[in-house]
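Enquirer: Mind looking over this structure? Questions follow.
What follows draws every value from the coordinates through simple rules; no lab data is involved. Note that the structure is a prediction, hence the values are computed from the model and not measured. Note that we place each Cβ from the backbone using ideal geometry, even for glycine, and neighbour counts take in every protein chain shown.
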Amino acid sequence: MAIREILTVPDPRLKEVSKPVMGPVTDEHRALMDDMLETMYDAPGIGLAAIQIGVPLRIIVMDLAREGEEKAPRYFVNPEIVETVEETKPYEEGCLSVPDIFDEVERPARCRIKYLDYNGNPVDEWAEDLYAVCIQHEMDHLEGTLFIDYLSRLKRQRAIDKVKKAKIRAIREDAN
Ligand code: GNR
Ligand code: NI
C-alpha cells in the first residue's frame, strides 16, 4: 500500500469525467482502492474518488466511522444514483482537493445507489444522512464536479485563490 499525492484545485485533471471499470473488479483495482483508502486515512478524510489521486476511473472509497470507532471502509466501483427523494438538506461540505474551504451545499436527503463492492459483488441500497452527502459529493468527482461549483462565481474564485496562495506559502516555507 502507498500514500499518493492528492490533486488540488485548479488542477485540470479534477475536471475530467472518469471512465467506468470495464470487466471484472481485479486485484489491480483492489490495489488502487487500498492505496486510495490509505491516502484518505492519512489526509484525513471521509471519502476519496480515484481522480483525486490522478486516476480517471469510476472508483470511490469511504469511511464514515468517527474517531475512536472501529474502521468501516466502503468501496464503490461504477456507482450509479438510480433514485433520489425530493427533500433536500444543506450540509457544510469540505473537499481534500479544496483544502481548508468549507461551505454549505444543498443535496437530496436520500438517494438509492447501485455499485460493485471490493469483491465485485453488486449492491443496491439507500443512502441517508452523511452517507448520502458523501456519496453524492464523491460521485460528483467522477463527473469532474467539485462542491465549490455549486457556490457563486465569487466564492468559487476566492476558494481557488486561497488554495493557490496556501500552496505557494507551503512551498516557500519548505525552502526555508
Ligand atoms: O473528508 C471529506 N469530508 C467531507 C465533509 C463534508 C462533505 C463531504 C466530504 S468529502 C471529503 C473528502 C473528499 O474530498 N472527498 O472527495
Ligand atoms: Ni472531494
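Enquirer: Please label the shape of the stretch 69-109 as rounded, prolate or oblate, based on the square roots a ≥ b ≥ c of the eigenvalues of the alpha-carbon gyration tensor (a/c under 1.5 means rounded; beyond that, a/b larger than b/c means prolate, else oblate).
Expert: Note, shape of the stretch 69-109 comes out oblate.
Enquirer: Could I ask something else about it? For n ≥ 4 DSSP H runs only, could you compute -39500 (n - 2.57) per run for the chain, divide by its residues and tell me the 222 nm figure to the nearest 500? Show your work: numbers first, answer last.
Expert: Working: 3 runs with 53 residues, N = 176.
Dividing the helical sum by the residues of the chain leaves -10000 deg cm²/dmol.
Enquirer: Which FRET efficiency value, to the nearest 0.05, do you get for residue 16 and residue 80 by plugging their Cβ-Cβ distance into 1/(1 + (r/R0)^6) with R0 = 22 Å? It would help to have the intermediate numbers written out before the result.
Expert: Values: r = 18 Å, r/R0 = 0.84.
Calculated transfer efficiency: 0.75.
Enquirer: Further question on the same structure: When we measure straight from the Cα of residue 165, which aspartates and glutamates land under 16 angstrom away, once same-chain ones fewer than 8 places off are left out?
Expert: Cα-Cα hits under 16 Å: 11, 100, 173, 174.
Enquirer: May I ask which residue of 139, 168, 152 lies farthest towards the positive end of the charge dipole of the stretch 132-172, with charges of +1 (Lys, Arg) and -1 (Asp, Glu) on Cβ and the Cα centre as origin?
Expert: 168
Enquirer: Just to confirm the filter: which trypsin sites (Lys or Arg not before Pro) across the stretch 25-111 are DSSP coil and have at most 10 other Cβ within 10 angstrom of their Cβ?
Expert: Values: sites: 30, 58, 66, 71, 74, 110; in loops: 58, 66, 71.
Here the sparse-neighbourhood loop sites are 66, 71.
Enquirer: Only Lys, Arg, Asp and Glu count, each charged at its Cβ (+1, +1, -1, -1), so figure out the dipole size of the stretch 1-147 about its Cα centre, rounded to 20 debye. Don't jump to the answer; show the numbers that get you there.
Expert: Numbers: 14 positive and 31 negative charges, 98 e Å.
Around 480 debye, computed over the stretch 1-147.
Enquirer: Quick one: compute the contact order of the stretch 42-157, relative version, from alpha carbon pairs under 8 angstrom and 6+ residues apart, as a percent.
Expert: Values: 198 pairs, mean separation 26.8, N = 116.
Worked out over the stretch 42-157, it gives 23 percent.
Enquirer: Using a Förster distance of 30 angstrom, determine the FRET efficiency expected from the C-beta separation of residue 149 and residue 38, and round it to 0.05.
Expert: Working: r = 28 Å, r/R0 = 0.92.
Once rounded, the FRET efficiency stands at 0.60.
Enquirer: Using only the Cα atoms of the stretch 21-120, build the gyration tensor, take square roots of its eigenvalues as a ≥ b ≥ c, and label the shape rounded, prolate or oblate: rounded if a/c is under 1.5, else prolate if a/b is larger than b/c, else oblate. Don't skip to the answer; put the middle values down first.
Expert: Values: a/c = 1.70, a/b = 1.22, b/c = 1.40.
Cα axes put the stretch 21-120 in the oblate bin.
Enquirer: Calculate the length of the line joining the C-alpha centroid of the stretch 36-80 to that of the stretch 110-129, in whole Å.
Expert: If we compute the Cα centre of each part, the gap is 14 Å.
Enquirer: Rounded to whole Å and sorted largest first, what semi-axes of the equivalent ellipsoid does the C-alpha gyration tensor of the stretch 45-173 yield via the square root of 5 times each eigenvalue? Write down the numbers at each step before the final one.
Expert: Numbers: eigenvalues 139, 64, 40 Å².
Gyration-tensor ellipsoid for the stretch 45-173: 26, 18, 14 Å.
Enquirer: Rounded, prolate or oblate: which one fits the stretch 1-71, using the alpha carbon gyration tensor with axes a ≥ b ≥ c (rounded when a/c is under 1.5, else prolate when a/b beats b/c, else oblate)?
Expert: Values: a/c = 1.99, a/b = 1.24, b/c = 1.61.
Oblate.
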